[in-house]
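J.: Dumping the structure here so I can ask a few things about it.
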Amino acid sequence: MTLRQMKTQACFGATAIMLSCLATVSQASLVGTLSVGTDTGYGETFEVVGSPLPGDAWFWTSQIATSEFTASISMMGEPGTPSLGTSLQVVNGTTESMEMSVDFIMPIDLLVNGELEWSGSQAATLNGTDVILASVLDASVWSASLGEDTFAMLLDAPFELQVNGTGSNAASDSSSGTLTWTGGETLSVHYLFELSGGASVQFNGGVGLLQVPAAPSIALLLAAGIVGRTRRRSC
Amino acid sequence: MAIHVTKSVAATMPMANRLHPAWSMEPLATSGRSDRMGYPPALQPITSHDFTNASADLAMDRRFAWTTFPNSFDQPRAALTNMTLRSAHHTSTWIPCRLNWLASGVLAATLSSASIAGSPPNVSMSWQASSDVDTPINFDLATAGEWAEMEDGSVVYTGALFSDTWQLSWTTSVTDDSQTTLDTLLTITNTSADNQWFSAGTDYEVDIEDASSRILEMASSLSLMNLAFDGSAMLQSLPNESLVGSLLDDEQVAAVFAPVYALQANGPFGIAIDSADESVFLAAGAATSLGQRADFMLTGGDTMTIHTIASISTIPAPGALTILALAATFGRSRRRTLRRELS
């Protein structure tokens, strides 16, 4: 091996190591974006660094504590086969009703153009004394978007969950459907709700997307199945 | 509006720095012989469990009782708050590498605590996951996460922890004015592939005065979610214990979701919910803590929430009720007179 070849190999090696390091850094810091706002004037956007979990899953968590409310947001998602499990805990520590919005954006791996199946569900549990959780205007309490396109809405307006006296109450909603992916590199979820003073609410839910095999692929699979069966019969 | 904390500081910190040196967890002390983690040798490890086997139920029950409440057979457990780290079990860099603990907002919590005058009430949590030999642990909520004093007088604590096999997020609100209230929001995810048993307890140290007629109102809501396109999620109580209970001085006084309780969520990202409540008259006697506990099995890869409120109030004595009724009547007649005078 000549000196030039050795240098070239060393150069490739170094580049490979560098790319590998960059990939590791990128893999070790999948960043989600969290936005929280209230009608009392609070509004912040954070970059939340994800922590890798076994498999391809990531975990993001963030807590906000003010004298008016606390919010605890925990998200578990898979960018590869886009899905996002969402948990949101909010306490309204004032004596007045409060409107709150919480958005979380997760980067996803690029999808193949075509049909996607989605499934999603959301549950809300409410605690307090004579308290209400309600939708705001005509917006659903929870929605999900792929890129800019909102494809799922749950706990649709007008939504209201009540607790009479001191106690607890729960409601849930599920839905599924298909959409055509035309672009977008993020999967995001949005919460918008009104919560009575002194109430605590906990949301639990998730959404997932599955690529629907394209029609030619299905035809090929069917053909392969028929051919396979014919061959087995002949044998 | 004063913003005490906004974060995520902890999430951006290197693994090795995620545990604040002043903050610690340790397995509950056990009586009798135990291994280095404090578990009686014959009673570990806890594994997933088939409820169709009655003998296995009993074995599991005993094993779980031992590992969850190791002292329960001989003496009541001590108060939970204990923030000293005895790192004999956790040496060198093994803790962060093994556990990946996320002590959410430990640094931020320090800032939060500093920005609020006085110290918060003592509220602590005990936690155990059957797959994790580093549990059970006890931790103080004010130190492990963030806390804030609310405008309505309540104090709220919030935070999250996770390991390779589980995640736990909490928001706990306590009030001690006309009523003593403990409101706990818990989200638990089983990030392992197998079923796991979990035990979560919250303990609020508060002086509950002796009164002749007191009532404890307890209510709880559950939600369970199948975090996948296939299969289903299952939540189940212990064979002989209600899923959620309220405690006074570590003694259970009310419980909901009686054994054997099961909740199932089917289908892709399917969800199931349930609610229950109970009210009990309390026996006379003062108490120094109000607590809640939840013990349950959760299937692998799934997530659930438990939202429980317990409130203690005094029922006015008959004499006081008469005075109140008289006051109301008198007030109404006064208002009527005033209205007449104004018109």
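J.: For A:GLU115, state whether it is facing another protein chain (nearest Cβ under 9 Å), among the charged types (D, E, K, R) and not in a loop (DSSP other than H, G, I, E, B).
T.: So A:GLU115 fails the test.
J.: Continuing with this model, one more query. Going by the conditions given, is B:ASP302 within 14 Å of chain A (Cβ to nearest Cβ), surrounded by fewer than 21 Cβ atoms within 10 Å (Cβ to Cβ) and under 29 Å from A:GLY206 (Cβ atoms)?
T.: Taking the combined requirement at face value, the residue does not satisfy it.
J.: Something else now. Restricting the search to the range A:87-103, which residues are of a type in the set (A, V, I, L, M, F, W, C) and buried (at least 24 other Cβ atoms within 10 Å of the Cβ)?
T.: Within the range A:87-103, A:LEU88, A:VAL90, A:VAL91 qualify.
J.: Ok, one more. Run down B:GLN264, B:GLN292 and say which single residue is crowded, with 21+ Cβ neighbours inside 10 Å, assigned to a strand (DSSP E or B) and in contact (Cβ under 8 Å) with a residue 12 or more places away in the chain.
T.: Exactly one of B:GLN264, B:GLN292 is crowded, with 21+ Cβ neighbours inside 10 Å, assigned to a strand (DSSP E or B) and in contact (Cβ under 8 Å) with a residue 12 or more places away in the chain, namely B:GLN292.
J.: Same structure again: Which count do you get for residues in the range B:169-190 that are within 9 Å of chain A (Cβ to nearest Cβ) and surrounded by fewer than 24 Cβ atoms within 10 Å (Cβ to Cβ)?
T.: Looking only at that region, the number is 2.
J.: If we scan the range A:117-133, do we find a residue that is more than 13 Å from A:GLY206 (Cα to Cα), modelled with pLDDT under 95 and in contact with a Pro (Cβ under 8 Å, 6 or more places away or on another chain)?
T.: Among the residues of the range A:117-133, not one is more than 13 Å from A:GLY206 (Cα to Cα), modelled with pLDDT under 95 and in contact with a Pro (Cβ under 8 Å, 6 or more places away or on another chain), which makes the answer no.
J.: Considering each of B:GLY145, B:GLY201, B:GLY231 in turn, give the residue that is away from chain A (no Cβ under 14 Å), out of contact with any Asp or Glu (no Cβ under 6 Å at 6 or more places or on another chain) and not β-branched (Val, Ile, Thr).
T.: B:GLY201
J.: What strands (runs of 3 or more DSSP E) completely inside the range A:121-214 contain at least 2 residues that are within 19 Å of B:THR171 (Cα to Cα)?
T.: A:160-181, A:186-195, A:200-211
J.: Quick test for you: out of A:SER140, A:SER172, pick the one residue that is modelled with pLDDT of 95 or more, out of contact with any helix residue (DSSP H, G or I) (no Cβ under 7 Å at 6 or more places or on another chain) and under 16 Å from A:GLY85 (Cα atoms).
T.: A:SER172
J.: Can you find a residue in the range A:129-142 that is surrounded by 22 or more Cβ atoms within 10 Å (Cβ to Cβ), within 11 Å of chain B (Cβ to nearest Cβ) and either within 19 Å of the chain's Cα centre (by Cα) or of a type in the set (Ser, Thr, Tyr) (or both)?
T.: Scanning the range A:129-142, I find no residue that is surrounded by 22 or more Cβ atoms within 10 Å (Cβ to Cβ), within 11 Å of chain B (Cβ to nearest Cβ) and either within 19 Å of the chain's Cα centre (by Cα) or of a type in the set (Ser, Thr, Tyr) (or both), so the answer is no.
J.: Return yes when A:SER174 is within 21 Å of B:ALA272 (Cα to Cα) and more than 8 Å from chain B (Cβ to nearest Cβ) and no when it is not.
T.: No; evaluated as a whole, the condition is false for this residue.
J.: Might you let me know whether the range B:264-276 holds any residue that is more than 14 Å from chain A (Cβ to nearest Cβ), under 22 Å from the mean Cα position of the chain (by Cα) and of a type outside the set (Gly, Ala, Ser)?
T.: Taking every residue of the range B:264-276 in turn, none turns out to be more than 14 Å from chain A (Cβ to nearest Cβ), under 22 Å from the mean Cα position of the chain (by Cα) and of a type outside the set (Gly, Ala, Ser).
J.: Now, a different point. Restricting to the range A:25-37, and then to whatever is in contact with a strand residue (DSSP E or B) (Cβ under 6 Å, 6 or more places away or on another chain) and more than 9 Å from chain B (Cβ to nearest Cβ), can you tell me which residue is modelled with the lowest pLDDT?
T.: Applying the filter and picking the extreme gives A:LEU30.
J.: For the range B:117-129: of the residues being modelled with pLDDT of 95 or more and outside any strand (DSSP E or B), which is farthest from A:GLY197 (Cα to Cα)?
T.: B:ASN122
J.: Sticking with this structure for a sec: Hey, any hits in the range B:133-145 for a residue that's assigned to a strand (DSSP E or B), in contact (Cβ under 8 Å) with a residue 12 or more places away in the chain and surrounded by fewer than 22 Cβ atoms within 10 Å (Cβ to Cβ)?
T.: Checking the range B:133-145: at least one residue is assigned to a strand (DSSP E or B), in contact (Cβ under 8 Å) with a residue 12 or more places away in the chain and surrounded by fewer than 22 Cβ atoms within 10 Å (Cβ to Cβ).
The values are calculated or read from the model by the stated rules, or taken from the named source; none is laboratory data. All of these numbers come straight from a predicted model, not from anything done at the bench. Positions of Cβ are backbone-derived with ideal geometry, glycine not excepted, and every protein chain shown enters the neighbour counts.
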